[in-house]
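The values are calculated or read from the model by the stated rules, or taken from the named source; none is laboratory data. Everything numeric in this text was worked out from a predicted model, so none of it was measured. Cβ placement follows ideal geometry from the backbone for every residue including glycine, while neighbour counts extend to all protein chains displayed. Note: areas computed on protein heavy atoms with side chains; ligands, DNA, RNA excluded. Shrake-Rupley method; radii C 1.70, N 1.55, O 1.52, S 1.80 Å.
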Amino acid sequence: MNRLHLTTMTLAAMLLTTASVDAADFSITPLKDGDSFTGCLAQNSATGVGFLAVGDKVVLFANSSKFTFAKGDQVTGSWSVDGGAATNFSSTADTAATATIDVPNTTEAVTALTSGKALSLTANSTTVDFSLDGGEKAFMGLTECMTTQAAPAAN
């Protein structure tokens with residue numbers, strides 16, 4: 001099992017937990033497999049949106065009770081920010097009701113997610129709108145987490 005998939009499964013379980021957070025707040029959590037650092041999670045349980053950074057990859061998670069797919073189901077659809085151009089995706093659900101999307105490593109995609117107000121996500125013919133408030137803070141937190149956690153420990 002590859003590191004991204006293992007981390008994704010760990011993240012999926014974490015996304016289902018509820019926490020009392022402001023709608024614009026993302027909690028930033030370093031993820032480990034034993035003592036080995038695997039990546040960082042930026043999660044907003046109140047909105048159902050999370051970002052996972054592993055190496056140079058970022059994955060977007062969106063969880064909604066409106067999504068009726070089960071863990072292991074094939075999920076296809078598209079996403080857009082603030083009514084912009086839609087980007088298609090296809091993935092396997094790591095947990096029920098959660099769509100997982102590889103964020104394209106492009107300036108346009110990152111800018112949209114960090115400065116946009118709303119994510120419109122269609123997954124298996126069901127469309128759900130999510131707030132992206134705090135997206136810029138989430139990406140800044142992921143960058144800081146990845147930098148500090150991946151740095152070698154000082155002797």
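Side notes on the structure shown:
- Qualifying positions in the range 56-79 - in contact (Cβ under 8 Å) with a residue 60 or more places away in the chain and of a type outside the set (A, V, I, L, M, F, W, C): Ser64, Lys66
- Of all positions in the range 116-125, none carries a residue that is assigned to a helix (DSSP H, G or I) and farther than 14 Å from Leu52 by Cα.
- Leading residue by the ranking (most open to solvent (accessible area, probe 1.4 Å)) among those in the range 95-110 that are of a type in the set (A, V, I, L, M, F, W, C) and not in a helix (DSSP H, G or I): Ala96
- Output for the range 111-139, where each listed residue is open to solvent by 50 Å² or more (accessible area, probe 1.4 Å) and either touching a strand residue (DSSP E or B) at 6+ places or on another chain (Cβ under 9 Å) or polar (S, T, N, Q) (or both): Thr111, Ser115, Lys117, Asn124, Ser125, Thr127, Asp129, Asp133, Lys137
- One residue from Gly39, Gly72, Gly55 being of a type in the set (Gly, Ala, Ser) and modelled with pLDDT of 95 or more: Gly72
- Some residue of the range 80-94 being in contact (Cβ under 8 Å) with a residue 60 or more places away in the chain and either closer than 12 Å to Asn124 by Cα or part of a loop (DSSP other than H, G, I, E, B) (or both): yes
- Condition check for Gly50: part of a loop (DSSP other than H, G, I, E, B), closer than 15 Å to Gly135 by Cβ and either open to solvent by 20 Å² or more (accessible area, probe 1.4 Å) or of a type outside the set (Phe, Trp, Tyr) (or both): no
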